[in-house]
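Chemist: Encoded as structure tokens, here's the structure I'll be asking about.
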Amino acid sequence: MTVLKYLFMVLFIIVSIVLTIIIMMQEGEDAGLGSLSGQSLDTYWSKNKGRSREGVIIKVTAVLVAVFFVLALLLNMSSFKI
């Protein structure tokens, strides 16, 4: 059991570091002056953002956040002895 716990701890640390790096790589949500008047731009870039580099980074971030929470719960379960 302790080997599995140490494995989860190492995975948790690796996921934390990778998650921090990926969050820092993301671009800010700068809408510009058009957002003040309620205008939205339906450009090719905005319609296909999911297939771009930024879209992939957002999807990877969501997966890593889910893995982070699952590992946090698994590591915390051992502290509650029933």
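Chemist: Quick one: what pairs do we get from the stretch 1-22, first residue farther than 16 Å from ALA66 by Cβ, second part of a loop (DSSP other than H, G, I, E, B), C-beta under 9 Å, 6+ apart or different chains?
Modeler: Note: pairs meeting the criteria are MET1/SER78; LYS5/SER78.
Chemist: Here is a list of conditions, (1) at pLDDT below 85; (2) assigned to a helix (DSSP H, G or I), and ILE58 meets all of them except one; can you say which number that is?
Modeler: Checking ILE58 against (1) at pLDDT below 85; (2) assigned to a helix (DSSP H, G or I), the one that fails is (1).
Chemist: Could you grab me the full set of residues in the stretch 51-76 that are under 24 Å from TYR6 (Cα atoms) and either free of Cβ contacts under 8 Å to residues at least 12 places away in the same chain or loosely packed, with under 12 Cβ neighbours inside 10 Å (or both)?
Modeler: VAL63, ALA66, PHE69, VAL70, LEU73, ASN76
Chemist: Now for a separate question. Before we move on, is GLN26 at pLDDT below 85 and within 17 Å of the chain's Cα centre (by Cα)? First the steps, then the outcome.
Modeler: On the way: at pLDDT below 85: yes; within 17 Å of the chain's Cα centre (by Cα): yes.
Taking the combined requirement at face value, the residue satisfies it.
The values are calculated or read from the model by the stated rules, or taken from the named source; none is laboratory data. Because the structure is predicted, anything quoted here is derived from the model rather than measured. Note that we place each Cβ from the backbone using ideal geometry, even for glycine, and neighbour counts take in every protein chain shown.
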